[in-house]
Amino acid sequence: MSKLPTDFFFGAAMSGPQTEGAWRRFGKVDNLWDTWSNERIEDFHNRVGSYAGNDFTDRHNEDFAILRDLGLTSWRTSIQWSRLMDADGRVNPEGAAYYHELFADAKKAGLETFVCLYHFDMPTYLFRRGGWDSREVVEAYGNYARAALEEFGGEIKYWFTFNEPVVEPQNRYTFGAWYPFHHDFAEARRVQYGISLAHCLGVAAFRDLQAAGTVRPDAKIGLINCFTPPYTRENPSEADLEAVRMTDGIDNRWWLDLVTKGTLPQDVMATLAERGVDVPVRPGDEQILAQGRVDWLGFNYYHPARVQAPSSDTDEYGNPVFASEYVWPDAVMNESRGWEIYPKGIYDFAMTMKRDYPDLEWYVSENGIGIEGEDSSKDASGAIQDDYRIDFVGQHLQWIAKAIEDGAKCRGYHYWAVIDNWSWNNAFKNRYGFVEVNLSDNYSRHLKKSASWLREVATTHEIAPHSEGFVSESA
Ligand code: BGP
């Protein structure tokens, strides 16, 4: 039996674009999810676009009551830039009223709200002006962050500038998986740099407004990323280790250095320059980057990265390649999502943090398992029998408990997503929830088998082993 500290918190992770829906209500303008849905709805699973979320806007009080009933004390959402601000960069009063009501209702329900300012949801009019590759847009983010902090700084204690800043450079600009479907590694690095500067402007606004008394004195600011630990094969070659260095450098150390030292990793920048990838650093940027230090960190963990030396130096688009995927023969997969299940990765990240960034506190800001076709595991009463979810979360929590025993500064856990929600272009294909959302019955909510297990764990902080499960290395 593992035990988590009594002050360890449990909560629910969500995002605005994946739950709110309310498309074009409360003065919302379009973001890239709306634009992609409008232009190519066939790209979305079952043609379900961004418009309805999981009906959270109209059901949020019911959802807050569910979270409390499950023993959770906090939740994270994101403010949608496209709802809070109008296309002239001014606060949209209807959008502001929307979030004031949401946060007040959460407080009434007894939930602490964590706010993230950006969750892959670039307003379309700003994308048309260059997106993260444009300084004008980076500055617009600074303006938006300042406006949000002025508006809600007296209410909200926990702030985050970005969720998973590695994902847009990859999915939109390198892999061609998300709108606008580019395959340009150099553009992806420029976008990554733009997001880095924007993060720093957000932190700078936070510090100013806290000093001025607009942001509450006990508030903290952080960054959330999926710091996927990179592993390679046994007995690696030098080239394999080099693949690990660059994967870790671009996806992890880039952000960890920025938020702890206010700089970017020089070895990574040097290798990029050697390979002809130009990061557009301007005079004065050093001072901006120096403002990037945060108070704590969110760590989203779903799966590890496994890499090896690339099979070729460039890809079919002429992009430099630093690593190829390594398929570990012992990998246990979540076939619905194509992601490896490796709970020990959470412990390995925790130990890396302890060694390399010992002063930084963090929490697990997302962790979860999305499964396709859960309807088929309903029992006679209609409740989904999701033992695999109990195994998955239980094993990750056991590794967290061990990491804390071994000195990790991990303060809490938010599950993604306690209530089924809209997963980008996968829409409702893979379900993450402890709570089912029934799309055939007007988004009604129903507890799955795992919900009572979660309630027990969140209330007692004890994690009993559920079954041997599916994991090759367990706590
Ligand atoms: C994270 C994102 C979330 C969420 C989750 C699950 O990367 O921060 O927004 O979606 O992954 O992934 P997916 O919905 O693609 O299955």
Note: among L256, L264, just one is under 22 Å from the mean Cα position of the chain (by Cα), more than 15 Å from P304 (Cβ to Cβ) and part of a loop (DSSP other than H, G, I, E, B), namely L264
List the residue pairs whose Cβ atoms are under 7 Å apart, where the first residue sits in the stretch 1-27 and is over 15 Å from N163 (Cβ atoms) and among the hydroxyl-bearing types (S, T, Y), the second is away from the ligand (no atom under 13 Å from the Cβ) and part of a loop (DSSP other than H, G, I, E, B), and the two are 6 or more positions apart or on different chains.
S2/A475; T6/H461
Report yes if some residue within the stretch 286-307 is more than 16 Å from the ligand (Cβ to nearest atom), over 21 Å from F162 (Cβ atoms) and of a type in the set (S, T, N, Q); otherwise report no.
no
Any residue at all in the stretch 152-160 that is closer than 23 Å to P320 by Cβ and touching a residue at least 12 places away in the same chain (Cβ under 8 Å)?
no
Among G249, G276, G298, which is among the small types (G, A, S) and in a loop (DSSP other than H, G, I, E, B)?
G276
Here is a list of conditions, (1) over 24 Å from Q170 (Cα atoms); (2) crowded, with 16+ Cβ neighbours inside 10 Å, and N367 meets all of them except one; can you say which number that is?
(1)
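Yes/no matrix, rows are residues, columns are (1) part of a strand (DSSP E or B); (2) within 16 Å of the ligand (Cβ to nearest atom); (3) in contact with a Leu (Cβ under 7 Å, 6 or more places away or on another chain):
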{"position": "Y388", "(1), (2), (3)": "no, yes, no"}
{"position": "Q398", "(1), (2), (3)": "no, no, no"}
{"position": "A401", "(1), (2), (3)": "no, no, yes"}
{"position": "H414", "(1), (2), (3)": "yes, yes, no"}
{"position": "P465", "(1), (2), (3)": "no, no, no"}
I need every pair where a residue in the stretch 58-82 that is touching a residue at least 60 places away in the same chain (Cβ under 8 Å) has its Cβ under 8 Å from the Cβ of a residue that is of a type in the set (K, R) and part of a helix (DSSP H, G or I), sequence separation at least 6 or different chains.
D69/R455; L70/R455; G71/R455
Name the residues in the stretch 150-202 that are in contact with a Gly (Cβ under 6 Å, 6 or more places away or on another chain) and aliphatic (A, V, I, L, M), would you?
L201
Search the stretch 149-169 for residues being within 16 Å of the ligand (Cβ to nearest atom) and part of a loop (DSSP other than H, G, I, E, B), and hand back the single one that is farthest from A211 (Cα to Cα).
V166
Can we say R172 is charged (D, E, K, R), under 22 Å from V191 (Cβ atoms), buried (at least 23 other Cβ atoms within 10 Å of the Cβ) and within 16 Å of the ligand (Cβ to nearest atom)?
yes
Residues of the stretch 227-241 classified as touching a Ser or Thr at 6+ places or on another chain (Cβ under 9 Å) and either closer than 29 Å to L209 by Cβ or not hydroxyl-bearing (S, T, Y) (or both), total:
5
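Please work out which residue is nearest to the ligand (Cβ to nearest atom), limiting yourself to the stretch 1-23 and to residues that are closer than 21 Å to F428 by Cα and out of contact with any His (no Cβ under 8 Å at 6 or more places or on another chain).
M14
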Go through the stretch 416-459 and report how many residues are within 16 Å of the ligand (Cβ to nearest atom) and either at positive phi or part of a loop (DSSP other than H, G, I, E, B) (or both).
14
D248 is checked against (1) in contact with a strand residue (DSSP E or B) (Cβ under 8 Å, 6 or more places away or on another chain); (2) touching a residue at least 24 places away in the same chain (Cβ under 8 Å) and fails just one. What number does that condition carry?
(2)
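None of the figures in this text is laboratory data; all of them are computed from the coordinates on show. Keep in mind the model is a prediction, meaning the values are calculated, not measured. Because the Cβ atoms are built from the backbone with ideal geometry, glycine has one as well, and the counts that use them run over all protein chains shown.
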